[in-house]
Each structure stands twice: as structure tokens, then as C-alpha cells.
1. Where does each of Tyr234, Tyr243 land when they are ranked from fewest to most other beta-carbon atoms within 10 angstrom?
2. Among Leu124, Leu21, Leu63, which one moves the most in a GNM of the chain with springs linking Cα atoms closer than 10 Å?
3. Please figure out what share of the DSSP beta bridges in the chain is antiparallel and state it in percent, rounded to the nearest 5.
4. Give me the one-decimal nm value for the distance between modelled label points at Asn242 and Ser346, 7 Å along each residue's Cα-to-Cβ direction.
5. Kindly give the semi-axes, whole Å and largest first, of the ellipsoid equivalent to the chain, taking each as the square root of 5 times a Cα gyration tensor eigenvalue.
6. When the chain is modelled as a GNM with alpha-carbon springs shorter than 10 Å, which of Val97, Val128, Val108 fluctuates the most?
7. Using a cut-off of 12 Å between beta-carbons, work out the net charge of the residues near Ser308 (Lys and Arg +1, Asp and Glu -1, Ser308 not included).
8. When the chain is fully extended, how far beyond the present Cα-Cα distance does Leu289 get from Val187, taking 0.36 nm per residue of separation?
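Laboratory data are not the source of any read-out in this text; all were calculated from the coordinates shown. All figures in this text were calculated on a predicted structure; none of them were measured in a lab. Cβ: placed from backbone, ideal geometry, glycine included. Neighbour counts: every protein chain shown.
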Amino acid sequence: MIPYGKQLISQADIDSVVAVLQSDWLTQGPKVPAFEAAIANYCNAQYGIAVNSATSALHIACLALNVSEGDTVWTSPISFVASANCALYCGAKVDFVDIDLATGNMSVSALTDKLISAKQNNCLPKVVIPVHLAGQSCDMKAIYDLSKQYGFKIIEDASHAIGAQYNGNKVGCCEFSDITVFSFHPVKIITSAEGGMAVTNNQQLAKKLQRLRSHGITNDPNEMTEPSHGPWYYQQIELGFNYRMTELQAALGLSQLDKLDEFVTTRNAFAISYSNAFETMPLSHLKQLTQCYSSYHLYVVKLADEHSHLHRHIIEQLRSKGIVSHLHYIPIHTQPFYKAMGFKDSDYPNAMKYYKTAFTIPLHPQLTEQEQSYIINEVGKLL
Ligand SMILES: *Cc1c(COP(=O)(O)O)cnc(C)c1O
């Protein structure tokens, strides 16, 4: 089977993890801060806070922005459930903004309309979480302008988008957001097995994220309520978690970071070949905005509406040919857990249209040109 996504692990990656195993530190050593500094430097952000998953990063990012009971967080219905669950962990409510069908990302016009009516009804969101679907940035400048007008904070869910660019800057520079979150799950662009990172330019947010990842404990005398009792002393000043990344994970992530640009270049080359091949077929792909350079975590194709009855059949047939086609994503609001809160399928019509026509085909750095030709051929035969 050709998987839709897969990690590429080199001998250098293996060696760097083995070196950690032979070192004094399996956790809370030098590799985690080195990985944080390297990612922050790569993205041109001030601070990086490594955690054990992007899900944890989203959770503490919401907490750092004071999301709590009585607040509402908005995100995209076309995402992994973690983009929405993070608000619920904080006791807040979740609502969704419909997507732009061309890009699959949060629609700026739907966001504008929803903000106008939320303002009238006095229920503006505290935080909006745009999700950079498949590795292409949302229109962050437009969303940022709205945040200034309506007074909300922004967390970019860039789980798909490390290595991507927006307006010539790296996703993660946080020019148009408070915090950006990356995932290092093995299907993502680079991996630390499990792992995630929050990046920010705000020192107060960075300190709070650091505390929340480790029990709410501080070692900084400036944050303590009384003078230190001695070298053993620390204080817990809020309720945090154990969301720490291990040294093994950080060593793998650091080593993988060396190949990030190469991975993204390879992914773009495969994506261009797919897009060229599909030009003559009744298929479309996610529109790429001129101000964006995607990291192409996923290659998503969409059937014409009149072929939507073939959607499931095509995914099943591709699988029967050894090609793992997938669907990113089932609209979050249609999950039973969310339906129980009152969401209806029809709440976000574009998300539902997308769900009836979109499918993902394999794209990862281990894909070969032969495999890609085979995939293009099989898709062509089915259409
Ligand atoms: C993968 C993913 C996450 C969660 O990442 P983990 O590191 O597995 O917790 C969150 N949001 C999106 C959009 C994702 O694709």
C-alpha cells in the first residue's frame, strides 16, 4: 500500500537519538531548549515552547490567552478535532466559521459576516484559530485586521504548515497572530514521533506557556511571591500539566529540521506534477494564493459537484489498488460529540460540500516518481 503520508528517517536522525540515550539526560536536558531555539530561529519568532503534541500546545495556548468559561473560540470545521477541542478543555464554547471552497481554509468573508452579527448579539469570540489546511496559510493579514477591529486574539493552527510561507515570511513568525502551533506527528512535515511546539513573540505569553507545560511551576525569583528559601526552591503559581517533550523527541526533531526545506521542496515538486496531470481531468485541487508558499502536508483533490456520487467509490477503488486515499477532514461539527451540543450538518454548507467531493492522495518525501505515475494513472482510469 502507498500511504497518504509517511516519515523519512535518516541515519543522522537515528544517530542523534542514540546519542541522547547514551547521555545523562532523557528529559529536561539541553536538547529541548536547542530544538526550541532552532525552530524559533527558523520561523523568525522570538520564543519556542516545545510540548508533547500540538494538541497540548493548542490547549496551553488557549489558557495563556485566558480562555475560560463564558468565552467562545472560533475555528474551521474542516480540521482535525484537536483544533476545536482545545477550547472545550478550558471550559469555553466552540463555534465554527465556514470555509472558502476554493482553498479549504477559513473564509474571510464568512468570518466578517459572523463577526458583524456576533457584535450585535454581544457574543464576540475571545480567540480565533485559523487552520492552515494542507500546508497553505490562511489569509492572515485579513484575519489580523479583523482581530484589531473586533478585539479577538489569534492562534494559528499550523500543524500542517511548518516550512510554509505567507507574504514572503515563514509561517510561525507570528506577524499576524499571538501564538502559532506546529505538530511533529509522523505524518506531518517533520517529526519528533509525538511532539508539538508553540511559537510567539510575546515574552509574557512565552513564560506562561513554559509554566503551563510543567505543572504551573516557576524557578524564576521574579515570578515568586516571596524570596527563595534556597537552591531547592520552586513555586507553583498556577495549575499546569506535564506536557513536556523528552530529549529523545527533541533530538529527533532537531535532526529532522536539517531536512525541512528539502522535504518541502520535494512535496512541492510532487504537488506540481499532480496539478499538471489533473488539468485535463474533471478534478480540481486546492487553489493556491499568490502570497502563499505551501508546505504541502497533504495533496487534496476535489471532484466536480456532478461527480460527488462517485466520491466514496473512488476512495474505495484507489485503496483496492494499493493507494491509500483518505479524507481530510470530516467536518468537526458533524461529529456526534459536537452534534450533541446542537450543531447541525447544514450549519456550514461549504464544509459539507467539501466533505462530499474532497479526497487526499499520497504525498510524502518517500513517494517515488513511479508511484506517482501509477497514482495519476489509476485516478485517470476511475474518472
Ligand atoms: C495533527 C493535527 C493536530 C494535532 O497534532 P498532534 O501533534 O497529533 O497533537 C492539530 N491540528 C491539526 C490541523 C492537525 O492536523
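1. Values: Tyr234 14, Tyr243 21.
With the fewest neighbours first, Tyr234, Tyr243 line up as Tyr234, Tyr243.
2. Maximum fluctuation in the GNM of the chain, among the listed residues, is at Leu21.
3. 65 percent
4. Taking the simple label geometry, Asn242 and Ser346 are separated by 5.0 nm.
5. Equivalent-ellipsoid dimensions as semi-axes: 35, 27, 17 Å.
6. Of the options given, Val108 has the highest mean-square fluctuation.
7. Details: positive: Lys302, Arg312, Lys353, Lys356; negative: Asp305, Glu306.
So the environment of Ser308 carries a net charge of +2.
8. Numbers: separation 102, 0.36 × 102 = 36.72 nm, distance 2.41 nm.
Residue separation times 0.36 nm, minus the Cα-Cα distance, leaves 34.3 nm.
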